[in-house]
1. Please find, among 110, 120, the residue that is open to solvent by 40 Å² or more (accessible area, probe 1.4 Å), closer than 24 Å to residue 173 by Cβ, under 16 Å from the mean Cα position of the chain (by Cα) and acidic (Asp, Glu).
2. What pairs come out if I take residues in segment 160-178 that are outside any strand (DSSP E or B) and pair them with residues that are open to solvent by 50 Å² or more (accessible area, probe 1.4 Å) and of a type outside the set (Val, Ile, Thr) whose C-beta lies under 6 Å away, six or more apart or interchain?
3. Out of the residues in segment 169-195 that are over 24 Å from residue 61 (Cα atoms) and among the hydroxyl-bearing types (Ser, Thr, Tyr), state the one that is modelled with the lowest pLDDT.
4. Looking only at segment 187-208, how many residues end up being buried (at least 16 other Cβ atoms within 10 Å of the Cβ) and touching a helix residue (DSSP H, G or I) at 6+ places or on another chain (Cβ under 8 Å)?
5. For segment 160-186, which positions are among the hydroxyl-bearing types (Ser, Thr, Tyr) and open to solvent by 20 Å² or more (accessible area, probe 1.4 Å)?
6. Looking at (1) at negative phi; (2) modelled with pLDDT of 95 or more, which is the only condition residue 107 fails?
7. Would you confirm whether any residue within segment 206-213 is under 17 Å from the mean Cα position of the chain (by Cα), within 20 Å of residue 58 (Cβ to Cβ) and at pLDDT 95 or above?
8. Would you mind telling me which numbered condition in (1) closer than 21 Å to residue 237 by Cα; (2) modelled with pLDDT under 95; (3) touching a strand residue (DSSP E or B) at 6+ places or on another chain (Cβ under 8 Å) residue 165 fails?
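The values are calculated or read from the model by the stated rules, or taken from the named source; none is laboratory data. Computed from a predicted model, the values in this text were never measured in an experiment. Don't worry about glycine lacking a Cβ; one is built from the backbone with ideal geometry, like all the others, and counts go over all protein chains shown. What goes into the accessible areas is simple: the full protein's heavy atoms, side chains included, and nothing from ligands, DNA or RNA. Shrake-Rupley method; radii C 1.70, N 1.55, O 1.52, S 1.80 Å.
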Amino acid sequence: MTVFVLWVSWPVHAESPPVLEIGRFSGAADGNILPEGWKPLTFPKIKRHTIYTLVKDDGTTVVKAMSEASASGLTRAITINLNKYPILSWRWKVMSVLNHGDVTKKEGDDSPARLYVTFDFDPARSSLWEKTKFAAYKLIYGRYPPLAAVNYIWASKASKGTIVSSPYTDRSRIIVVESGPELVNQWVTEERNVLEDYTQAFGAPPPLASGVAIMTDTDNTGESAIAYYGDIVFKQAASQ
């Protein structure tokens with residue numbers, strides 16, 4: 001499941017630090033309390049939810065996700081100018097890959113670990129039909145829904161570097177950053193230039209990013225998965 005909405009914005013000040021801490025899970029106490037600034041992400045038609053807890057792993061607090069034929073996530077709403085902070089860095093660990101995961105089909109659109117970035121609706125970039133539809137949505141809900149999303153996943157079989165549209169919506173692109181069981185049960189650090197990824201995936205520069213989400217989901221395949229998520233940051237420059 002890959003369709004979701006993030007709402008509240010977090011201001012970015014004029015004098016920006018070199019790093020934006022999106023999820024500083026390592027600074028939290030372990031237990032059942034959600035990390036600061038993060039909220040549950042659930043879907044009306046999906047009754048079974050993935051369980052997220054703060055736990056210690058190798059002495060560091062991280063988010064543990066346990067999914068049993070379920071889907072839900074955690075979201076953090078924050079406005080990010082990717083021209084200032086193009087680099088997204090995080091680390092994650094999965095305990096297995098899914099037997100029937102397939103990024104191209106709804107029945108296989110599950111992943112032991114995924115991380116989303118969503119983007120603001122920009123009327124100046126939209127067609128008349130899109131403006132009308134989004135205006136109606138704003139009239140009902142009081143604000144625009146996100147324009148688009150890029151989600152980075154740990155796939156089952158698809159090759160690293162694969163970019164496809166979500167089988168649920170052409171407003172979401174799936175980018176495979178890890179695939180297969182080779183690195184299972186190992187912490188893996190990822191770094192992506194989201195500015196470049198969005199431009200490649202959608203064929204145009206991105207609007208402001210509106211939020212980040214993590215999700216472990218197995219509702220479509222009916223399988224089970226356990227994943228761990230470490231700290232998440234946006235940076236001004238890539239690591240040397």
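1. Details: 110 fails: open to solvent by 40 Å² or more (accessible area, probe 1.4 Å).
Only one candidate passes the filter, namely 120.
2. 167/105; 167/106
3. Ranking the qualifying residues of segment 169-195, first place goes to 169.
4. 2
5. Going residue by residue through segment 160-186, those that are among the hydroxyl-bearing types (Ser, Thr, Tyr) are 162, 165-166, 168-169, 172, 179.
Passing the criteria: 162, 165, 168, 169, 179.
6. For residue 107, the exception is condition (2).
7. Here is the first cut: in segment 206-213, the residues under 17 Å from the mean Cα position of the chain (by Cα) are 206-213.
With within 20 Å of residue 58 (Cβ to Cβ) added as a condition, the list becomes none.
Checking segment 206-213: not a single residue is under 17 Å from the mean Cα position of the chain (by Cα), within 20 Å of residue 58 (Cβ to Cβ) and at pLDDT 95 or above.
8. Of everything listed in (1) closer than 21 Å to residue 237 by Cα; (2) modelled with pLDDT under 95; (3) touching a strand residue (DSSP E or B) at 6+ places or on another chain (Cβ under 8 Å), residue 165 misses just condition (1).
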